[in-house]
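K.L.:
Take a look at this one; I'll ask things after.
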Amino acid sequence: MFKNAEPSQSIGLQFWSVYSKWQLRVISCLKPLNITHTQFVVLTAILWLEDQHQIVTQASVVAITGIDKMTLSKSLKNLVFQGFVVKSKNESDSRSLILRLSDDGELLTKKALFLIEKLDEEFFGIIGQKKENDFRELLLEYKKCS
């Protein structure tokens, strides 16, 4: 009935198990800041794009994060309501809006980013730098294939 003799041989189950442990820690880390994991990803994508002096649109956030448009739209609506993201008219493309972090949004994002990067170092660092780099490369490879 099962392809694998043992649950430990199921790559999907093992990936899900590790991801779930990591995600629970991320959620716990972000809870005091009152933002969701998705909101954190959106905020950091905007911060990164701004840091690269790029015009930030929903399309550019989707391109970096892979978040589906509906989920992004809902997250942005909440982030705008909370005062962390500001939308403005895009003079060069009337079909899109320009996104930017408010001052409060930038402060929150930098604080959250510090916490999550520390968490990532602790969580993924236990396997050693080489394996961590290999894991990152494998994830990037899978991302290209899908």
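Coordinate-derived values only; no laboratory data. Because the structure is a prediction, the values reported are computed rather than measured. Cβ coordinates were reconstructed from backbone atoms using ideal geometry, including for glycine residues, and neighbour counts include every protein chain displayed.
K.L.:
Computed from these coordinates, which is semi-axes √(5λ) of the Cα gyration tensor in Å: (i) 28, 20, 12; (ii) 32, 18, 15; (iii) 21, 19, 13?
P.N.:
(ii)
K.L.:
About its Cα centre, how strong a charge dipole does the chain have in debye, to the nearest 20, once Lys and Arg get +1 and Asp and Glu get -1 at the Cβ?
P.N.:
440 debye
K.L.:
Continuing with this model, one more query. To the nearest 500 deg cm²/dmol, what mean residue ellipticity at 222 nm is calculated for the chain from DSSP H runs of n ≥ 4 alone, each contributing -39,500 (n - 2.57), summed and divided by the residues?
P.N.:
Helix contribution divided over all residues of the chain: -22000 deg cm²/dmol.
K.L.:
In addition: Once amide H atoms are placed 1.01 Å from N in the peptide plane, what residues at a sequence separation of 5 or more from VAL85, or on another chain, have their amide H within under 5 Å of its amide H?
P.N.:
Correct list: VAL80, SER102.
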